[in-house]
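A quick write-up on the structure given underneath.
The values are calculated or read from the model by the stated rules, or taken from the named source; none is laboratory data. Given the structure is predicted, the values throughout are model-derived calculations rather than measurements. Glycine gets a Cβ as well: all are built from the backbone with ideal geometry, and neighbour counts include every protein chain shown.
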Amino acid sequence: MFTVVEDDPKKIAELREQYPDIPVVQGVLTARTTLNVVEKANVALICIANRDDDTLLIVREMMRINPKLIVYARLYDEALVQFIEDMGARSFSSSKFAVAKLKNDLVQ
């Protein structure tokens, strides 16, 4: 099971309508109260549009809260890939090929 964290009320309503069995938390992932959803999680998938700075902050905080968490983070700046992987996270790009590979990894 997984939880979606979204701050856009319109997207939340759409998600809840399309996927009623998936829990959706309203909030911003950079907020400490929202980050608490990872305390008992096994895997986190971070897909923030064009915000690698927020992604780095979120990965660091998630792994501090739950050191056993497996984190996949989408990055746009290739220069940050090694940095985020040194933090213990796995990175991916937003290309179709990368997303298809990621889907295979997550299903296993």
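Couple of notes before you dig in:
- Taking each residue of the stretch 39-66 that is within 20 Å of Val24 (Cα to Cα) and looking for partners that are in a helix (DSSP H, G or I) and polar (S, T, N, Q) with beta-carbon atoms closer than 6 Å, six or more apart or interchain, yields Ile46/Thr55; Ile48/Thr55.
- Considering residues of the stretch 1-14 that are of a type in the set (A, V, I, L, M) and farther than 20 Å from Val43 by Cα only, the residue modelled with the lowest pLDDT: Ile12
- The residue of the stretch 29-62 that is nearest to Ser91 (Cα to Cα), among those that are surrounded by fewer than 14 Cβ atoms within 10 Å (Cβ to Cβ) and among the polar types (S, T, N, Q), is Asn50.
- Residue under evaluation Val37, criteria (1) modelled with pLDDT under 85; (2) in contact with an Asp or Glu (Cβ under 8 Å, 6 or more places away or on another chain), criterion not met: (2)
- Within the stretch 1-28, the set of residues being surrounded by fewer than 11 Cβ atoms within 10 Å (Cβ to Cβ), assigned to a loop (DSSP other than H, G, I, E, B) and either more than 16 Å from the chain's Cα centre (by Cα) or touching a residue at least 24 places away in the same chain (Cβ under 8 Å) (or both) comprises Pro20, Asp21.
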